[in-house]
1. Pick from Leu43, Leu19: which is in contact with a Lys or Arg (Cβ under 9 Å, 6 or more places away or on another chain) and not charged (D, E, K, R)?
2. Failed condition for His104, given (1) farther than 27 Å from Met1 by Cβ; (2) within 11 Å of the chain's Cα centre (by Cα), with all others met?
3. With the requirement that a residue be in a helix (DSSP H, G or I) and at pLDDT 95 or above, what does the range 52-78 give you?
4. For the condition under 15 Å from Lys5 (Cα atoms) and either touching an Asp or Glu at 6+ places or on another chain (Cβ under 9 Å) or β-branched (Val, Ile, Thr) (or both), what is the one hit in Val46, Val52, Val33, Val42?
5. Give the residues of the range 30-39 that are at pLDDT 85 or above and in a loop (DSSP other than H, G, I, E, B), sorted by residue number.
6. Taking the range 83-119 as the search range and keeping residues that are of a type in the set (Val, Ile, Thr) and surrounded by 13 or more Cβ atoms within 10 Å (Cβ to Cβ), which one is modelled with the highest pLDDT?
7. Report every pair of residues separated by at least 6 positions or lying on different chains whose Cβ atoms are under 7 Å apart, first residue within the range 92-115 and farther than 19 Å from Glu37 by Cα, second open to solvent by 70 Å² or more (accessible area, probe 1.4 Å) and in a helix (DSSP H, G or I).
8. Out of (1) on the phi < 0 side of the Ramachandran plot; (2) part of a loop (DSSP other than H, G, I, E, B); (3) not polar (S, T, N, Q), what's the single condition that is false for Asp49?
Amino acid sequence: MAELKKLAQGEILFKEGDLSQSMYIVKTGRLTVFQGEGREIVLAEVGPDEVVGEMAYFDRKPRSASVKAKVSSEVLELPYKALESQFDALPNWIQALVKAINEHLRRANARIQELERNR
């Protein structure tokens, strides 16, 4: 089910626009979440016990940002298929709430990118 992946410093975990099938838990190291190529817009840094790649799980849209290792890192890959029964077991109102928050975050990320482009 879950698989440990090792990333070298600067290695890309996934790219903005990629289709997604997994989310990741950072075990060691630090990852940078960013948008854009060339002139990167850093959205966040994540470290041990934090999750990355979860947004696409809830809406099945392409990745909204890219993620790379800031330093050598290890992540635990959690395939979405393995998580579906657990999410489906939640009450419908919780599922709806999580999906709404996810959509707000996607729109905020898009707005940040738009503002940075117009600078």
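1. Leu19
2. If we test His104 against (1) farther than 27 Å from Met1 by Cβ; (2) within 11 Å of the chain's Cα centre (by Cα), just (2) comes out false.
3. Taking the range 52-78 as the starting set, the residues that turn out to be in a helix (DSSP H, G or I) are 55-59.
Within the range 52-78, none qualify.
4. Val52
5. If the condition is that a residue be at pLDDT 85 or above and in a loop (DSSP other than H, G, I, E, B), then Arg30 is the only one that fits.
6. Per the stated criteria, the residue is Val98.
7. none
8. (1) is the only condition that Asp49 fails.
The values are calculated or read from the model by the stated rules, or taken from the named source; none is laboratory data. Everything numeric in this text was worked out from a predicted model, so none of it was measured. Here Cβ is always computed from backbone atoms with ideal geometry, including for glycine, and neighbour counts include all displayed protein chains. Surface areas here come from the heavy atoms of the whole protein model, side chains and all, with no ligands, DNA or RNA. Shrake-Rupley method; radii C 1.70, N 1.55, O 1.52, S 1.80 Å.
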